[in-house]
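Trainee: This is the structure I want to talk about, given as structure tokens.
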Amino acid sequence: MPTRLPNLLVNGSGGIAVGMATNIPPHNLNEVVDACLHLLRNPEATIDELMEIVPAPDFPTAGIIYGINGVKDGYRTGRGKVVMRAKCHFEDIDKGQRQAIIVDELPYQVNKKTLQERMAELVHEKKIEGISHIQDESDKSGMRLVIELKRGEVPEVVLNNLYKQTQLQDTFGMNMVALVDGQPKLCNLKDLIEVFLQHRREVVTRRTVFNLRKARERGHVLEGLAVALANIDDFIAIIRNAPTPPVAKVELMAKPWDSKLVREMLTRSRADGGVINADDYRPDGLEKSLGMGSDGLYRLSETQAQEILQMRLQRLTGLEQDKIVAEYKEVMAEIEDLLDILAKAERVSTIIGEELSAIKTEFGQTKKGARRSLVEHSSFDLSTEDLITPTDMVVTLSHSGYIKSQPLSEYRAQKRGGRGKQATATKEDDWVDQLFIANTHDYILCFSNRGRLYWLKVWEVPQGSRGSRGRPIVNMFPLQDGEKINVVLPLTGDKRSFPADQYVFMATSMGTVKKTALDEFNNPRKGGIIAVNLDDGDYLIGAALTDGQHDVMLFSDGGKAVRFDENDVRPLGRQARGVRGMTLEDGQSVIAMLVAEDEQQSVLTATENGYGKRTSITEYTRHGRGTKGMIAITQSERNGKVVAATLVHADDEIMLITDKGVLVRTRVSEIRELGRATQGVTLIGLDEGSKLSGLQRIVENDANPTDGEAAAEEEHGGNT
């Protein structure tokens, strides 16, 4: 059909045929017309230029187009996806004690009743928490779906869950297949506009040819009338003396006639300086012998003679004669203009552009012509992380694999030897195995004892109270039998981009070490990836981020330590086994790996019976890797095995954790600095049968307690 605008884009289309389907979204009329005009004037325009004019589809149900990456794919290749979101706002209800989510606009092709029923199902199945009531308050003034929340619920979090689990966020799959020259073709944005403009050129050309044919026919009739007016007396005499009309017609056609007006019109110069070709004004099928001859005389056709015979006498008045002459000149000018259009492609382009602009002026300048769907260009997958304030969290991992997080602010500093708070509830024969301090917005690399790496963000760790056990980590990663996460490593700041000049340094219980470039871990899979290949019976005990310029220290449970330059270990691939880092005696194993940062640090060692000490790092001299090492803390029956070692400064605070789930936070300055070959002092008071399982340095301290708080702690034996 000779449409004046690309309905395929403006109104969209969708359907399934034999072996093919199409799904084209609707677009804004103004934007589509502007894109057509741009491509009409700049045939070499790129798809990106057109996308600046048509940024995204425009749905009649409005809503929000959430991100344009998928839209750009659709415009560039013909296939893509449009992520649509409902437009919502929040209102206070119950005098400000509760809030409600008000849905004002829905995504395209989403049924409101079906959506409401789906929400009710999710609330009933407890898959979405925090919703107390859903009510449709839509009327003739517009749509209004009210989702009332329970007291204390954060509306952003509930709305985000609704986006993820209902059609409040939906996807329109772009599949722009169209019939081009009778063949199905997957078209990009430029293809669709080019085909439309090509169609418009054909329509304008065929319309011009049709108008030219009609103008020539009308001009031919007027030409005969002009000849008759120039010879009116002779014409009247022939008609009056003829016995019948057919005889009169024959006599009029038999005689050549002279007409100054017709001769001038058919022999004049054109406006562009050329000479008129009389044949251009002849109607199709007219015999060569008729019309203006080479002698300058005019011979009438049967059509012209018939029109003359049927002409009324009133047309012989001066005014009517002037009208005939004026109309004849007008038709001749029209024919000349139509011929010019057919001869010049730029004239066709101008006409197409004018008609498109006229449509935009008529239909696009009103309120209805404005874009309805809001486009959010810089979109991202909104998660809980984006809805909460960045917070420092204590992440704990129990020996049986229960993980949880708690705000660091829940713990207060205590005096050395205090009984501490309960950090987590544990089952019988379970204890907290790993403790980590990180921000909710940080990335962490989770290394398992089998040398596999899993990717996680701190906000994904379930938050619990001090008395809760947490969530089994097997529900967060597809761990194998006997596999558990035992090391978590933060990726903060510039390390989030996995730079190649940073390394992950790993150590195993049998004394093997390995260094791998960080960029080799930038694409973890859901099922985890190999970080280090292990020998039978070996397991990963530590991992750290380095820049290749540090010393590495390994500590065994036999109280020995070895320090060497990390450049003694060359970078290896992910699946390599590593090299010898420490030689162990029978029955011993490596329990800690530390990366020395500066010579002002101390090494804090702790034993299973709650004793420990800090020793200046300068006392640990550098040796080659693979040696048995030097004494780190003297072993005795009082101390027991070494269970932990970490690097600290005097103004740091540490957290000590027992196998019964008791957590104690204390200042490093309260622990005396001693030499390597000593037994240490009491770090934590242990109940009978409990053991110290580990310690962790706190990166950032809370505000120190007031003197009154400190005195209260002292009076109650630090057991506050």
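The values are calculated or read from the model by the stated rules, or taken from the named source; none is laboratory data. What you see is a predicted model, and the numbers here were worked out from it, not measured in a lab. Every residue, glycine as well, gets a Cβ built from its backbone with ideal geometry; the counts of neighbours run over all protein chains shown. Accessible surface areas use protein heavy atoms only, side chains included; no ligands, DNA or RNA. Shrake-Rupley method; radii C 1.70, N 1.55, O 1.52, S 1.80 Å.
Trainee: Sort out which residues of the range 646-672 are open to solvent by 10 Å² or more (accessible area, probe 1.4 Å), closer than 18 Å to THR618 by Cβ and either in contact with a Gly (Cβ under 8 Å, 6 or more places away or on another chain) or in a strand (DSSP E or B) (or both), and write them in order of number.
Mentor: Within the range 646-672, THR646, LEU647 meet the criteria.
Trainee: Of all residues in the range 478-497 being at pLDDT 80 or above and closer than 21 Å to ALA544 by Cα, which is most open to solvent (accessible area, probe 1.4 Å)?
Mentor: Filtering the range 478-497 down to residues at pLDDT 80 or above leaves 478-487.
Going one step further and asking which of them are closer than 21 Å to ALA544 by Cα, we end up with 483-487.
Numbers: GLU483: 12, LYS484: 45, ILE485: 4, ASN486: 21, VAL487: 11 Å².
Of everything passing the filter in the range 478-497, LYS484 is most open to solvent (accessible area, probe 1.4 Å).
Trainee: So LYS150 passes all but one of these: (1) open to solvent by 80 Å² or more (accessible area, probe 1.4 Å); (2) out of contact with any Gly (no Cβ under 6 Å at 6 or more places or on another chain); (3) on the phi < 0 side of the Ramachandran plot. Which condition number does it fail?
Mentor: Going through (1) open to solvent by 80 Å² or more (accessible area, probe 1.4 Å); (2) out of contact with any Gly (no Cβ under 6 Å at 6 or more places or on another chain); (3) on the phi < 0 side of the Ramachandran plot one by one, LYS150 breaks only (2).
Trainee: List the number of the failed condition for THR114; all other conditions in (1) over 22 Å from ILE65 (Cβ atoms); (2) among the β-branched types (Val, Ile, Thr); (3) loosely packed, with under 14 Cβ neighbours inside 10 Å hold.
Mentor: If we test THR114 against (1) over 22 Å from ILE65 (Cβ atoms); (2) among the β-branched types (Val, Ile, Thr); (3) loosely packed, with under 14 Cβ neighbours inside 10 Å, just (1) comes out false.
Trainee: May I pose another question? Can you name the strands (runs of 3 or more DSSP E) wholly within the range 344-430 that have at least 3 residues being touching an Asp or Glu at 6+ places or on another chain (Cβ under 8 Å) and either modelled with pLDDT of 60 or more or among the acidic types (Asp, Glu) (or both)? It would help to see each step written out before you state the result.
Mentor: On the way: elements: 374-376, 392-398, 402-407.
Answer list for the range 344-430: 392-398.
Trainee: Going by the conditions given, is ASP280 open to solvent by 60 Å² or more (accessible area, probe 1.4 Å), of a type in the set (Asp, Glu) and at pLDDT below 90?
Mentor: Details: open to solvent by 60 Å² or more (accessible area, probe 1.4 Å): no; of a type in the set (Asp, Glu): yes; at pLDDT below 90: yes.
In short, no.
Trainee: Given the criteria closer than 21 Å to MET332 by Cβ, open to solvent by 70 Å² or more (accessible area, probe 1.4 Å) and at pLDDT 90 or above, does ARG263 qualify? Steps first, answer last, please.
Mentor: Values: closer than 21 Å to MET332 by Cβ: yes; open to solvent by 70 Å² or more (accessible area, probe 1.4 Å): yes; at pLDDT 90 or above: no.
The answer is no for ARG263.
Trainee: Filter the range 17-63 down to the residues that are open to solvent by 30 Å² or more (accessible area, probe 1.4 Å) and small (Gly, Ala, Ser) and list them by number.
Mentor: Residues satisfying the conditions are ALA17, GLY19, ALA21.
Trainee: Could you say which residue among VAL664, VAL603, VAL681, VAL648 is touching a Ser or Thr at 6+ places or on another chain (Cβ under 6 Å), of a type in the set (Val, Ile, Thr) and farther than 12 Å from ALA561 by Cβ? Outline the logic, then answer.
Mentor: Details: VAL664 fails: touching a Ser or Thr at 6+ places or on another chain (Cβ under 6 Å); VAL603 fails: farther than 12 Å from ALA561 by Cβ; VAL681 fails: touching a Ser or Thr at 6+ places or on another chain (Cβ under 6 Å).
None of the others qualify; the one that does is VAL648.
Trainee: Residues in the range 79-132 that are in a strand (DSSP E or B), among the aliphatic types (A, V, I, L, M) and more than 17 Å from VAL375 (Cβ to Cβ): how many? Give the derivation first.
Mentor: Pass one, the range 79-132, residues in a strand (DSSP E or B): 79-85, 87-93, 98-105, 131-132.
Now restrict to residues that are among the aliphatic types (A, V, I, L, M): 82-84, 93, 100-103, 131.
Those left that are additionally more than 17 Å from VAL375 (Cβ to Cβ): 93, 100-103, 131.
Number satisfying all stated conditions: 6.
Trainee: Let me ask something additional. Picking from THR166, THR171, THR205, which residue would you name as being open to solvent by 30 Å² or more (accessible area, probe 1.4 Å), among the hydroxyl-bearing types (Ser, Thr, Tyr) and either closer than 28 Å to ALA56 by Cβ or modelled with pLDDT under 95 (or both)?
Mentor: Numbers: THR166 fails: open to solvent by 30 Å² or more (accessible area, probe 1.4 Å); THR205 fails: either closer than 28 Å to ALA56 by Cβ or modelled with pLDDT under 95 (or both).
The conditions single out THR171.
Trainee: Continuing with the same structure: Looking at the range 240-255, I want the residues that are farther than 18 Å from LEU229 by Cα and have a partner that is among the hydrophobic types (A, V, I, L, M, F, W, C) and open to solvent by less than 90 Å² (accessible area, probe 1.4 Å) with Cβ atoms under 8 Å, at least 6 apart or on another chain. Which pairs are those?
Mentor: From the range 240-255, the pairs are ALA242/ALA248; PRO245/LEU309.
Trainee: Among the residues of the range 570-612, count how many are open to solvent by less than 10 Å² (accessible area, probe 1.4 Å), in a loop (DSSP other than H, G, I, E, B) and within 22 Å of LEU540 (Cβ to Cβ).
Mentor: Looking only at that region, the number is 2.
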